[in-house]
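To keep things clear, I will list the structure first and then write my remarks on it.
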Amino acid sequence: MPYILISTQIRLTGPTMVGDEYSDPAIMSYLGARKTTMLGNNFSEYHVDEPPRLVLDKLEKLGYKVVTMTGVGQTLVWCLHKDANDL
């Protein structure tokens, strides 16, 4: 999977959402993420307690680079990409 989205609420201290139910389990394990399903949702998400800066550092070690970042209301979102040749 060459793209990853991570997000957090504006406080920047965590938790950080690092994937959905279709995310690569090996990457989620490397990040120490736990899979959760919020009451009323019919989908799962992976979360870590670390702030996004630490998650971004870990993903950089795997070869991911930030493509873009934006704020949506009280949420910050980063899109990362890894070159297909590095997969």
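Here are a few things to note about the model shown:
- Whichever residue in the range 71-87 is more than 19 Å from residue 15 (Cβ to Cβ) and over 14 Å from the mean Cα position of the chain (by Cα) and, among such residues, is modelled with the lowest pLDDT: 87
- The range 42-57 - residue that is within 15 Å of residue 5 (Cβ to Cβ) and free of Cβ contacts under 8 Å to residues at least 40 places away in the same chain and, of those, farthest from the chain's Cα centre (by Cα): 43
- Conditions (1) more than 12 Å from the chain's Cα centre (by Cα); (2) surrounded by 13 or more Cβ atoms within 10 Å (Cβ to Cβ); (3) polar (S, T, N, Q): number failed by residue 7: (1)
- If you go through the range 29-56 and keep only what is surrounded by 12 or more Cβ atoms within 10 Å (Cβ to Cβ), among the small types (Gly, Ala, Ser) and assigned to a helix (DSSP H, G or I), you end up with nothing.
- Residue match in the range 57-69 (condition: surrounded by 14 or more Cβ atoms within 10 Å (Cβ to Cβ), out of contact with any strand residue (DSSP E or B) (no Cβ under 6 Å at 6 or more places or on another chain) and part of a helix (DSSP H, G or I)): yes
- The lone exception for residue 18 - which of (1) open to solvent by less than 40 Å² (accessible area, probe 1.4 Å); (2) under 17 Å from residue 80 (Cβ atoms); (3) at pLDDT below 95 it fails: (3)
- Residue check, residue 39 touching a residue at least 12 places away in the same chain (Cβ under 8 Å) and among the hydrophobic types (A, V, I, L, M, F, W, C): no
- Inclusion of residue 26 among residues that are open to solvent by less than 30 Å² (accessible area, probe 1.4 Å) and without any contact (Cβ under 8 Å) to a residue 24 or more places away in the chain is not warranted.
The values are calculated or read from the model by the stated rules, or taken from the named source; none is laboratory data. Note that this is a predicted model, so its numbers are computed, not measured. Neighbour counts run over all protein chains shown; Cβ positions are idealised from the backbone, glycine included. These area figures cover heavy atoms from the full protein model, side chains too; ligands, DNA and RNA do not enter into them. Shrake-Rupley method; radii C 1.70, N 1.55, O 1.52, S 1.80 Å.
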